[in-house]
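This report refers to the structure that appears directly beneath it.
The values are calculated or read from the model by the stated rules, or taken from the named source; none is laboratory data. Being a predicted model, the structure only gives us computed values, none of them experimental. We place every Cβ from the backbone using ideal geometry, glycine too, and count neighbours over all the protein chains shown. Keep in mind that these areas ignore ligands, DNA and RNA; they rest on the heavy atoms of the full protein, side chains included. Shrake-Rupley method; radii C 1.70, N 1.55, O 1.52, S 1.80 Å.
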Amino acid sequence: MNGSNDFFERKKQELGVSLNEIQRKAVLQTEGPLLLLASPGSGKTTTIIMRIGYLIEVKGVNPTRIKAVTFSRASAIDMKERFKRFFPELPPVDFSTIHGLAFQVVRDYFRKAGISYRIIEGDLDVDLGKQGKSSWKEQPLHKKIILRNLFQSIVRETITEDQMDELTTYISFIKNKMLSKEKWSTVKVDVPEAERIFEEYEAFKKSGYHQLLLDFDDMLTIANQALKEDSGLLQAYQGRYDYFLTDESQDTSMVQHAIIEKLVQKHGNLCVVADDDQSIYSWRGAEPSYLLNFKQVYPNAEILFMEQNYRSSKGIVDAANQFIKRNKNRYDKNMFTENPAEEPIQIRSLPDYIYQAKYLVQKIQDITYNLREVAILYRNNSSSIALMNEFDRAGIPFFMKDADNRFFSHWVVQDILNFMRMTYTDKRPDILEKIHLKFNGYISKKQMAALKEINNNESVFDNLIKFVEIQDYQVKPLKESKETFQQMKGMPPLHAIQVIRDRLGYEKTLEKMCERLGFRKDNLLGILNTLEEIADGLESMEEFASRLKSLEAELKKAKSRKGQNAVTFSTFHSAKGLEFEWVYMIDLVDGIIPSSDDYTGGTVEGDAIEEATRLFYVGMTRAKKHLELIGYKERDGEKTQDSLFVSYVKNIIDPPPPPTENIKEDVQVKKKIKVGNTTIPYNRNAIKDQAELVEGREVKHRVFGHGEIVKLSEDTIEVRFQTGVKNLSISTCLELGLIELA
């Protein structure tokens, strides 16, 4: 014990690091399995580094016998640098990602088996909008190019960036969950022919190139299989390390857990650092339930709760702690802090979405001296474009951790630019070809092909009417389209976009495409709305095109501003692990967070809404002293509702008064369910006929953002979403606060 006391005292003198009682226990508990549940801001990285230093300095463990595995490369680098700063005299410890460890195993396995392989994933600038004319063997061997070509050959269409994201996520999910082929069809995916594309992708990687082609997920599945089948390889790796530590383990998938299980079988010295309340990656295979069942895998495990938050003010910690307790599938933790209260959480509801970015500029202009301590957090990356536009105009620098310039190359943006190009000249069939199916001229592909054969430098609309075989009903809309394009010449870009949407019928075309191809209508219309925001105040279409190029260039610059005096724009997901003095959480309306998918998604009833709750919790706990939650009452001409989560926070920081009278009568009334202004009986024992509940009880009350309740029954509520009708149990709806007892 004296050795440990000397160690802690020495580090306090050298580094100013003083550990609390639980942190010390985590450092001292070196033998056997340990699950360290670390609440946000509880000093987990410091505790991890101190634990490794203790193993070496006090326990005499050789640094090469310690393996520390984390989820991301950035975390591995951070831990490595932190260890060097804490223990500059000690030899380095092996810090790596789980993929890095798996690659070592795979490399050794293939070398031993004499198998040649090639990695087909990593950085590559792939333009998914261009289809290569060359054969597959003449194109780079890259995962996205292979999938793009497979999609083209099977679906007979060009894959979009959004579809590529969903397809790669689908493939990664299946591999990380270790799902057998029979279960592929159970995974929800909106990409056409996704299962067949996946099957042919796997076959393609194994044939024709004299090498086995591997993506990053293959490293995990093959490493796990190799350790299972090759006892010599397993023993070699088991004998290489005496102590394993895994960080961010709430983000670890089943195949990753399986690899670690095999490697620690011999000695059982495993420290798993995690927070089940911050597990937000189930869509890519993370398995938070593994932590809840930790003792089933490691019966002798110790479980320690690091609950003291050193980051945030008391008001933020108390509210976040109460908020996350709405989730049921979690360890019962009680995050607390000894920090002072500071200012209360601010909740702001703006009249309209269009004021949000302008409001933030106004608020943050007063903090220009310390912009690196300001973060604006949102659920969807698309929210960043409107922010960029306003902040760039105001001259406020910003940093984007995951800057994504796909907005500017999106086909909707290119469509609008091509419509605008048609206002300068209607004599170019090459421009018309790109948009001829997207407005109300009803021009077929066959007619377009015939038009391209005409080279008389005349109006494409005149040529269609005079020289191409068209239907009688097409003449009038073609003449009207020609007239509309002529009228748009010189028009301010905002007005031009509105004409394209309405008079030329582009918005109706998008709606039909959403129905036919499964695109999300709110995403596509959101792009149009953002373009209108960018166009607002500009005088010409040339100025609009120039502004788009300027913003795209600014987005690329934003990636390089890390560590500079700049505001951070980030999704909730990417903000995990970060902290800021001022945090603004935006777009907090029902339908965005939670989304309709959150209410109905997930593999177990309620697990999607619990993950959305965790995501909101992650956002809240990024703030040190100032937290503001921002929503709005209207967007794109439609009324919005406060996020369900904002309502929870309101009730936490300003709870409604308890009932003071007529309690007996109130108990009697609670035998009804209230949805909007409608109540129905909910005493099952008193119900003799289910028709009593259903007959004549249709309700039109939007509580689900994009859905409306259409029917109530004894056990379920039917909700109609854009994607169809879903059945939700009444008990779940009550638990989630979607309905209430009257």
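The label-point distance for F110 and V58, in a model that sets each label 7 Å from Cα toward Cβ, rounds to 4.3 nm. Calculated FRET efficiency, S289 and D502, Cβ-Cβ r, R0 41 Å, to nearest 0.05? Using R0 = 41 Å, I get an efficiency of 0.25. First check a/c for segment 454-527, with a ≥ b ≥ c the square roots of the eigenvalues of its C-alpha gyration tensor; if it is under 1.5, answer rounded, and if not, answer prolate when a/b is larger than b/c or oblate otherwise. Judged from the Cα gyration tensor, segment 454-527 comes out oblate (a/c at least 1.5, b/c at or above a/b).
Net charge dipole, the chain: roughly 1320 debye, given to the nearest 20, about the Cα centre with Cβ charges of +1 for Lys and Arg and -1 for Asp and Glu. Each distinct pair of alpha carbons in segment 259-336 adds a 1/r term; the inverse of their mean, the Kirkwood radius, is 14.6 Å.
With every protein chain left in place, what is the accessible area per residue of the chain in square angstrom, probe 1.4 Å?
48 Å²
Mean sequence separation of contacting Cα pairs (under 8 Å, at least six apart), scaled by the length of segment 290-349, corresponds to a relative contact order of 41 percent. When you filter the GluC sites (Glu not before Pro) in segment 419-524 for DSSP loop state and at most 12 other Cβ atoms inside 10 Å of their Cβ, you are left with E453, E469.
Scattering from segment 194-338 was approximated by placing one identical point on each alpha carbon and applying the Debye formula without solvent; log10 I(q)/I(0) at 0.13, 0.16 1/Å stands at -0.77, -0.99. Computed on the Cα atoms alone, the convex hull of segment 1-78 gives a volume of 117 cubic angstrom per residue. Using only side-chain charges placed at the Cβ, +1 for Lys and Arg and -1 for Asp and Glu, the dipole size of segment 1-61 relative to its Cα centre rounds to 120 debye.
With the cut-off at 1.5 for a/c, could you classify segment 529-624 from its C-alpha gyration tensor as rounded, prolate or oblate? Because a/c hits 1.5 or more and a/b fails to exceed b/c, segment 529-624 counts as oblate.
For K333, a cut-off of 24 angstrom between C-alpha atoms picks up these lysines, skipping any fewer than 8 places away in its own chain: K25, K44, K295, K314, K325, K576, K624, K625, K650. I want to make sure I understand the PRE zone here: with the label point 7 angstrom from the Cα of E543 toward its beta carbon, which residues in segment 409-439 have backbone N atoms less than 15 Å away? In segment 409-439, the label zone of E543 (backbone N under 15 Å from the point 7 Å along Cα→Cβ) covers no residue.
Calculate how large, on average over all directions, the projected area of the Cα convex hull of segment 402-492 is; give the answer in nm² to one decimal. Write down the numbers at each step before the final one.
Numbers: hull surface 27.4 nm².
Answer in nm², one decimal: 6.9.
Rounded to the nearest 0.05, what FRET efficiency is calculated for E14 and S409 with R0 set to 56 Å and r the Cβ-Cβ distance? E(calc), rounded to 0.05, equals 0.60. log10 I(q)/I(0), Debye, Cα-only segment 239-289, no solvent, q = 0.16, 0.18, 0.22 Å⁻¹? Calculated log10 I(q)/I(0) at the listed q: -0.46, -0.57, -0.78.
Dividing the convex hull volume of the alpha-carbon atoms in segment 521-581 by its residue count gives 136 Å³ per residue.
Pair-distance distribution of segment 133-239: all C-alpha pairs, bin width 5 Å, starting at 0; shares per bin in whole percent are 2, 10, 20, 21, 19, 12, 7, 5, 3, 1, 0. P(r) tail, segment 290-368: Cα-Cα pairs separated by more than 15 Å, 73% of all pairs. Taking every alpha-carbon pair under 8 Å whose residues sit at least 6 apart, the chain reaches a relative contact order of 13 percent. Determine the shape class of segment 184-270: with a ≥ b ≥ c the square roots of the Cα gyration tensor eigenvalues, call it rounded for a/c under 1.5, and otherwise prolate if a/b is greater than b/c, oblate otherwise. Taking the square roots of the gyration eigenvalues as a ≥ b ≥ c, segment 184-270 is oblate.
Mean residue ellipticity, 222 nm, helices only, the chain: the sum of -39500 (n - 2.57) across DSSP H runs of n ≥ 4, divided by residue count and rounded to 500, is -13500 deg cm²/dmol.
Label separation (H267 vs A449): 6.9 nm, computed from points 7 Å beyond Cα along the C-beta direction. Using every pair of separate Cα atoms, the Kirkwood estimate puts the hydrodynamic radius of segment 329-422 at 16.9 angstrom. Computed from Cα atoms, the angle from the helix 383-394 axis to the main principal axis of the chain rounds to 80 degrees. In the chain, the portion of solvent-accessible area held by carbon and sulfur atoms comes to 47 percent [1.4 Å probe, whole percent, DNA, RNA and ligands not counted].
Rg and Dmax over the alpha-carbon atoms of the chain stand at 29.1, 98 Å.
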